[in-house]
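A short worksheet on the structure shown next.
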Amino acid sequence: MSGPEPATTGLPIRVVIADDEPMVRAGVRAVLTTDPGIEIVAETGDGREVVELVRRHRPDVAVLDIRMPGTDGITAAAEIRRTAVTTRTGSATGIVMLTTFGEDDYILRALGGGANGFLIKSGEPEELIAGVRAVADGAAYLSPRVTARVVAHLAAAGSGGPADRRAAAREQVAGLTARERDVLALVAAGLSNGQIARRIGVVEGTVKAHVSSVLARLGVANRAAAAVLAHEAGLTAASGA
């Protein structure tokens with residue numbers, strides 16, 4: 001999934017990090033601070049404490065380990081969503097989940113819980129920066145490896161096998177208008193509403209309305225879940241826009 005252009009507010013992207021492994025936390029911090037447009041405002045190894053840190057600092061993005069002892073990242077993300085924390089710009093704090101291979105069930109739960117992005121811990125450092133920037137800009141960001149694993153997991157778990165899963169996804173997407181399919185393909189490519197608006201030549205409010213309609217018609221909770229369904233249906237920016 002290609003990363004979007006940087007956010008245009010001129011303000012640094014404020015980030016809170018939560019991971020129970022100190023070395024992983026230090027690595028995430030080291031990578032993100034190489035970008036002068038990103039500021040780490042707090043970090044913790046505890047899922048319960050990160051909720052309070054988000055309330056206190058109102059970051060643009062919370063980077064959460066998907067699995068931590070006690071309160072895990074999924075529970076913390078749900079609590080952050082429930083408390084409706086807003087940033088300096090009035091938008092909701094975006095959530096990026098850090099995961100490892102073999103945590104497909106956790107990823108599926110996090111998709112349903114409103115996470116905006118998913119990254120593999122063993123991925124390239126540039127991908128972490130791109131993911132944080134994308135989510136800060138209001139886009140969904142799924143590591144290509146995460147997307148592939150989720151689609152494969154859904155196919156294996158679905159009744160009738162992978163072909164039936166793909167057919168069902170294509171049928172869902174076919175119920176959208178041509179413009180909504182264009183928008184969905186660009187959402188799946190990791191573009192924000194502003195970037196989609198520029199790409200298809202409409203105002204951003206129109207894109208926002210299209211995205212809301214797409215989520216409702218597909219019956220998914222967020223852009224990340226819509227992106228997974230688009231990939232499962234074989235809808236890409238090249239084929240859909």
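Only one entry of G138, G194, G131 meets the criterion of being modelled with pLDDT of 80 or more, open to solvent by less than 50 Å² (accessible area, probe 1.4 Å) and on the phi > 0 side of the Ramachandran plot, and that entry is G138. Out of E79, E43, E39, one residue alone is surrounded by 17 or more Cβ atoms within 10 Å (Cβ to Cβ) and over 19 Å from the mean Cα position of the chain (by Cα). It is E43.
All told, A62 meets the bar of being modelled with pLDDT of 95 or more and open to solvent by less than 40 Å² (accessible area, probe 1.4 Å). Taking the conditions (1) open to solvent by less than 60 Å² (accessible area, probe 1.4 Å); (2) at pLDDT 90 or above; (3) not in a strand (DSSP E or B) in turn, M1 satisfies each one other than (2).
Entry remark, region 116-147: residues being in contact with a Leu (Cβ under 8 Å, 6 or more places away or on another chain), in a loop (DSSP other than H, G, I, E, B) and hydrophobic (A, V, I, L, M, F, W, C) number 1 in total.
For region 88-102, filtering for residues that are in a loop (DSSP other than H, G, I, E, B) and crowded, with 19+ Cβ neighbours inside 10 Å leaves 1. Taken over region 29-44, the criterion of being within 16 Å of I95 (Cα to Cα) and touching a helix residue (DSSP H, G or I) at 6+ places or on another chain (Cβ under 7 Å) is satisfied by L32, I38, I40, V41, A42, E43, T44. Please go through region 201-236 and give me each residue that is open to solvent by 30 Å² or more (accessible area, probe 1.4 Å) and closer than 11 Å to V183 by Cβ, ordered by number. V202, T206, K208, A209, H210, S212, S213, L215, R223 - these are the residues of region 201-236 that are open to solvent by 30 Å² or more (accessible area, probe 1.4 Å) and closer than 11 Å to V183 by Cβ. The helices (runs of 4 or more DSSP H) located wholly in region 171-221 include none with 1 or more residues which are touching a Cys at 6+ places or on another chain (Cβ under 7 Å) and in contact (Cβ under 8 Å) with a residue 40 or more places away in the chain. A Cβ distance below 6 Å, combined with a sequence gap of six or more or placement on separate chains, defines the contacts here; from region 60-83, residues that are without any contact (Cβ under 8 Å) to a residue 12 or more places away in the chain and within 17 Å of L111 (Cβ to Cβ) reach no residue that is of a type in the set (K, R) and part of a loop (DSSP other than H, G, I, E, B).
The values are calculated or read from the model by the stated rules, or taken from the named source; none is laboratory data. For clarity, every value in this text was computed on a predicted model and none was experimentally measured. Ideal geometry is used to build each Cβ from the backbone, glycine not excepted, and the neighbour counts take in all protein chains shown. Side chains included, ligands, DNA and RNA excluded: accessible areas come from the protein's heavy atoms. Shrake-Rupley method; radii C 1.70, N 1.55, O 1.52, S 1.80 Å.
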